[in-house]
Every structure is written in structure tokens, then in C-alpha cells.
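K.L.:
The structure's right below; bear with me while I get my questions together.
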Amino acid sequence: MRILYVAIDQQVPGTLGGSVHVRAVAGGLAALGHEMHVAVSPGGPWPEGPVHWHAMGPPLGRPALRWMRAGAITELARRVRAQVVIERYYNFGGEGVMAARRLGVPAVLEVNAPIVDYPGSTKSRLDRALLIEPMRRWRDALCRHTDLFVTPHSQILPAWVDPTRVLEAEWGADVDLFRPDATGPLPFQRDPDRVLCVFAGAFRSWHGVVQLSASLARLHAQGEHRLGAVFIGDGPERAAAERAARDIPGITFTGAVPHDRLPECLAAADIGVAPFDPAKHKPLALGFYWSPLKIFEYMSAGLPVVAPRLPRIAELVRDGHEGLLYDPSDPRTLDTALVQLLDRALRERLGAAARSRAVDHYSWRAHCAVLAVRLSALVAAAASSGSDQ
């Protein structure tokens, strides 16, 4: 198949989850023998490999103007003779879906964030104030013209979407790169006398990075000095996390690290912590719709995972099997989970199980194989329909 993948608000290469996702899906489909063309904002030299990268960002660098690239995307799709167009969903997007409709090829919408409004959202209030609800109508129009939705959680799609048009699939990890034996230069010093926790990701309020710092501070104040931590990444909560961890030995903040250097960082750690705080992100009132890359990468690296006991997380990480889950309403249960994992035998048992589960269920390879089957069916159906006319 010749596939055009549209994600022009994402930078490749980049350090954020969206960039990792786009690169992994593009590379995974190309590895299956498909001709992959990807429109993204350039973040540096293009990655090596068979994917054809096309530099295209949103007008004026503003994602809210993405839809204005519909003409350019249509021309690109025509030039590369795309048989299917995948668009990474964004509230003010639609350029990929519109291009597919203009050219008469299948449109696929990859949905990582809610299409429906969460209760009390600013968009829904504004829509009601405008009476005709233009934003909801636009999103509904895009959904009507979409042949296949790819999402980890169908509840973030409009209720009227036909389930047969939905592929519900988790995202994943590159299990060949994220391995327990990955090696390479580290951006931090490993203290052999401490059990090392790792947090890797964006330092946004709902990612809970401050909760991890506060937990380590409480344990230190209680005389528990066997834990250390490395915080990898950057974002608005970094200063608060650093303040909470002030004066605690064995704590390192590395700043952002290129994604291709992350495997060795995780392999050098002992515990992967994903302290999500849904209360800090209003859209999560719809449910924990994320397919969390950090959890899959921790598991792939053979780390036991510590995360809040939330419905979807409990399906990905089974408490006592691949990690330990804590009560997000009681911060001290996070402390308890970390102390439990000072037991090396427990860490090794949970970590080995986590690695096995990631390889079997949460690899990008598995995600792309399932996706390719559905894309092939769409293309075949479109070709059959065209030959009947």
C-alpha cells in the first residue's frame, strides 16, 4: 500500500510522546513493506530508514490552523498516489480527512484525545454561546467522512460512530530497543547503593511528577534513604518537582533526553514510576483514555511499574504481576509501593513479567500488524467499489 500519514503539528525527530508515536507507526508500517509518506514538522535531520518524510508544519506554527493545509495535503497525496490517508486527530485539524475525501481514497483518523467534549469544557460552552455549535459540527463532519478510527479507547468517540468503523488498539513500545540489557552513555550518575526510580516524560500537572518528588521527600524525612530517582524530561511542573525534592540525596533531573537515548536510561533504573493524576486534567473525566507510552517502555525495559489504580491502567499493569498499583486518593500508598520494591527478588519477578507482557501485547510491531490488516481491507474495498462503477 501507499500510505500518507498526516501529523503536521508533531515534530520529527522529537522528544514528546506524539513524535515517538508518529515515528514508530510510520516505521512499523514501512517495515511491513508498505510505502510510507509522512507529513510532519521537521525537528532536525530526518530519521534514517525507508520512510519518506515531508516537511510541512501548521500555518504560523499554530496547530489551530492545521485545517488550512488541506490543499497542500491533497496535492501531496495526489503526488505520491496515496491509496489511504491517516490523520492524527487534533481539534482543529481535518486536512487529512478532507484530502482523502477529495481524492476518493479511504480516510483513517488516529484518535489520541477526545473528539467528544468533557463535562463543562470551554469548547462546549463556546459552542453553545455561538448557538449553531460550529466546532462540534465540524468534528462530527470529520467523523462522518472517516472510514476507520484507530484509538485505544472508543468512549472518546461520538456515541453514534458505528463500532465496525473502530479499531480499538493500544499504542506500544519498541521492544527491540527498550530492553533490560540496553547499554550506552547515561546523562546521570548511578549510585550503586540506592534503588533507582525513574520518571520519564513531560512534566505536566496530570503526569504527577510532583507526587513522586513529594513521596521521596516523605520517605527521606522518615529515615528511608535507600531510594534514589532520576527525572527525565521537562515541562511546566519541573520547578515544583525540583523544589519538592530539594536536599534529598540521590535525586537527578536530566532535562529532556533524545528518545533514542532513553532505552539505556531505563535499563539503568530499577523501578518505573507513572504517577498519573487524573484530577489535574479535566478531559480525563471521560475516563483514562490514554495509552501511556511510558508504561509500555518501562515494561519493555524490564522494570516493575508503579502507577495509580485506575480502571484502564489496571488492565495494562496487573497489580502484583507486572507492578504495584496504589490508591491515587491516598498519596502515602505510593510511598508504600516504593518501599515494597526495595525487595530485589520482588523487583526482578515483576520486571521479568512486565517485559514478557510488553513483548507479547504492547509492541509497536503488534500494533502495526493489526493496523495494516484493517488498512489493506479498506484499500481493497475502495478498489472493488471503483471497479464496479
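K.L.:
Of the residues ALA7, ALA82, ALA30, ALA24, only one is in a loop (DSSP other than H, G, I, E, B), within 18 Å of VAL150 (Cβ to Cβ), at pLDDT 95 or above and of a type outside the set (Phe, Trp, Tyr); which?
P.N.:
That would be ALA82, the only listed residue that is in a loop (DSSP other than H, G, I, E, B), within 18 Å of VAL150 (Cβ to Cβ), at pLDDT 95 or above and of a type outside the set (Phe, Trp, Tyr).
K.L.:
Moving on. Show me the helices (runs of 4 or more DSSP H) found entirely inside the range 277-355 where at least 2 residues are of a type outside the set (Lys, Arg) and over 24 Å from ALA182 (Cα atoms).
P.N.:
Those helices (runs of 4 or more DSSP H) span 311-316, 332-340.
K.L.:
From GLU75, GLU48, which residue is in the same structural domain as VAL116 (by TED's automatic domain parsing), without any contact (Cβ under 8 Å) to a residue 24 or more places away in the chain and in a loop (DSSP other than H, G, I, E, B)?
P.N.:
After ruling out the rest, the residue left standing is GLU48.
K.L.:
Examine the range 146-154 for a residue that is loosely packed, with under 15 Cβ neighbours inside 10 Å and not in a strand (DSSP E or B), and state whether such a residue exists.
P.N.:
No, the range 146-154 has no match at all.
K.L.:
Right, here's the next one. Six or more apart or on different chains, Cβ atoms under 9 Å: show the pairs whose first residue is in the range 1-16 and surrounded by fewer than 24 Cβ atoms within 10 Å (Cβ to Cβ) and whose second is basic (Lys, Arg) and modelled with pLDDT of 95 or more.
P.N.:
Correct list of pairs: ARG2/ARG81; ASP9/ARG88; VAL12/ARG23; PRO13/ARG23; GLY14/ARG23.
K.L.:
OK, next. Given the options ARG309, ARG349, ARG357, name the one that is surrounded by 15 or more Cβ atoms within 10 Å (Cβ to Cβ), within 16 Å of GLU170 (Cβ to Cβ) and among the charged types (D, E, K, R).
P.N.:
ARG357
K.L.:
Those residues that are part of a loop (DSSP other than H, G, I, E, B), touching a strand residue (DSSP E or B) at 6+ places or on another chain (Cβ under 7 Å) and buried (at least 16 other Cβ atoms within 10 Å of the Cβ), I need them from the range 222-236; list them, please.
P.N.:
GLY233, ASP234
K.L.:
Follow-up question, since we're still on this one. Need the failing condition index for GLN189 against (1) at pLDDT below 95; (2) buried (at least 23 other Cβ atoms within 10 Å of the Cβ); (3) among the polar types (S, T, N, Q), just the number.
P.N.:
Against the list (1) at pLDDT below 95; (2) buried (at least 23 other Cβ atoms within 10 Å of the Cβ); (3) among the polar types (S, T, N, Q), GLN189 comes up short only on (2).
K.L.:
Only one of ALA182, ALA99 is at pLDDT 95 or above and assigned to a loop (DSSP other than H, G, I, E, B). Can you tell me which?
P.N.:
From the options ALA182, ALA99, the qualifying one is ALA182.
K.L.:
So, GLU95, is that one in the same structural domain as PRO158 (by TED's automatic domain parsing) and within 15 Å of MET56 (Cβ to Cβ) or not?
P.N.:
Considered against the rule, which asks whether it is in the same structural domain as PRO158 (by TED's automatic domain parsing) and within 15 Å of MET56 (Cβ to Cβ), GLU95 comes out as yes.
K.L.:
Can you tell me which residue is nearest to the chain's Cα centre (by Cα) among those in the range 240-252 that are surrounded by 20 or more Cβ atoms within 10 Å (Cβ to Cβ) and more than 13 Å from ARG218 (Cα to Cα)?
P.N.:
Per the stated criteria, the residue is ALA241.
K.L.:
Looking at ASP140, is it under 25 Å from the mean Cα position of the chain (by Cα), under 24 Å from GLN10 (Cα atoms) and in a helix (DSSP H, G or I)?
P.N.:
yes
K.L.:
Identify all residues within the range 185-213 that are outside any loop (DSSP other than H, G, I, E, B) and either in contact with an Asp or Glu (Cβ under 9 Å, 6 or more places away or on another chain) or not assigned by TED's automatic domain parsing to the domain that holds LEU338 (or both); write none if there are none.
P.N.:
VAL195, LEU196, CYS197, VAL198, ALA200, SER205, TRP206, HIS207, VAL209, VAL210, GLN211, SER213 - these are the residues of the range 185-213 that are outside any loop (DSSP other than H, G, I, E, B) and either in contact with an Asp or Glu (Cβ under 9 Å, 6 or more places away or on another chain) or not assigned by TED's automatic domain parsing to the domain that holds LEU338 (or both).
The values are calculated or read from the model by the stated rules, or taken from the named source; none is laboratory data. Bear in mind the structure is a predicted one, so any value in this text is a computation, not a measurement. Cβ: placed from backbone, ideal geometry, glycine included. Neighbour counts: every protein chain shown.
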